1. Please work out the Cα center distance from the stretch 144-197 to the stretch 110-130, rounded to the nearest Å.
2. Got a sec? How would V232, V26 order by Cβ neighbour count within 10 Å, fewest to most?
3. If you place +1 on the Cβ of every Lys and Arg and -1 on the Cβ of every Asp and Glu, how big does the dipole about the Cα centre of the stretch 113-289 come out, in debye to the nearest 20?
4. How much length would be gained if the chain were fully extended between E209 and S194, taking 0.36 nm per residue of separation minus their Cα-Cα distance, in nm to one decimal?
5. Taking +1 at the Cβ of each Lys and Arg and -1 at the Cβ of each Asp and Glu, which of S245, T186, T126 sits farthest along the dipole of the stretch 113-289 towards its positive end, judged by Cα position relative to the Cα centre?
6. Which links in K137/K171; K198/K244; K137/K244; K171/K275 stretch past 24 Å when you go from one Cα to the other?
7. Among S273, S202, T228, whose Cα sits farthest toward the positive end of the charge dipole of the stretch 113-289 (+1 at Cβ of Lys/Arg, -1 at Cβ of Asp/Glu, about the Cα centre)?
8. Tell me the GluC sites (Glu not before Pro) within the stretch 196-265 that lie in a loop according to DSSP and have at most 10 other beta-carbon atoms within 10 Å.
Amino acid sequence: MDKKHTVQRISNKKRGRPKVRFNLMVVIILTALSFVACFVLYMINANVTGDVLDSDDSSEKTTVTASETSTDESGASSETQDGSQSETETEAPAPQSNSNIAYPVPQSEAADASYFENCCLISDQTLLSMSQYSDLKDVLGSSQLNAANCNETSITSTYGNVTPYQTIQLKKPINLYIMLGSDIGTSAVDDMISGYTKLVTSLHNYLPEMHIYVMQYPPAPAGSETVTAELVDSYNTRLMEMAKSIGVYCLDTNTLLRSSDGTIGEEYWDTESSKLTEDACKAISGYILTHTV
């Protein structure tokens, strides 16, 4: 009787399946390589476009600076809608003097009367009658205005009741003539020059293309105890120095009206009203037309 043999077959599937082994060292190496690769990419990007953190910080600083600048500019506005100066206005530094200007302005070829169409005169009570006796019609001022208070005293015109500086800011004439000094003998000369200098400097800085003519004050009347020839001459000398330092023009209207004894000519002074005469206004008008730049 034959014996039966039992044959056991081993599945090929079980023999062919590979064994998976966990290798910690390989994982560490792969992680390190990944970190190095990311770091290299980050550095390349930072060198090309700028560091992200620095960029954000810079953007924030720029925003703050722009905001602060906007506030400063709006707060330092030099004039409001009604033409008045803002309280936060700061005075600009005095400009450099112009070495090409001759002092006083020398005689030139006479301009015709149409020249006055582009002129404006600011004066205290000294030349308020110029518009009545000459072709210079645009005269601004008041009897309360003088050299010492010219930056605070308001004058009335079509531009409102504002200071001379604010009026010229709005008017913007081509040629501006200024005669101030009716407070000689009552105000300290230092105060007069200080106020006058501030006005002329502010106007010259605001409208640098405008021609500003500082007019020397007329001679003292004969017999005057308050306004003496020495006081007027000292004041006019400092006016000339002021004009030079700022870089504006100066007219020697004092010599024009002076008599041989150093006082104002009789034909130019009305002793009853203590004002310049019609002849004086006409003489000054003609002098302006023959001393232009």
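1. 15 Å
2. V26, V232
3. Computed about the Cα centre, the dipole is about 680 debye.
4. Full extension of this stretch gives 3.1 nm more.
5. The listed residue farthest towards the positive side: S245.
6. From K137/K171; K198/K244; K137/K244; K171/K275, over 24 Å: K137/K244; K171/K275.
7. S202
8. Qualifying residues, ordered by number: E209, E225.
Bear in mind that the values in this text are calculations on the coordinates, not laboratory data. Please read all numbers here as calculations on a predicted model, not as lab measurements. Every residue, glycine as well, gets a Cβ built from its backbone with ideal geometry; the counts of neighbours run over all protein chains shown.
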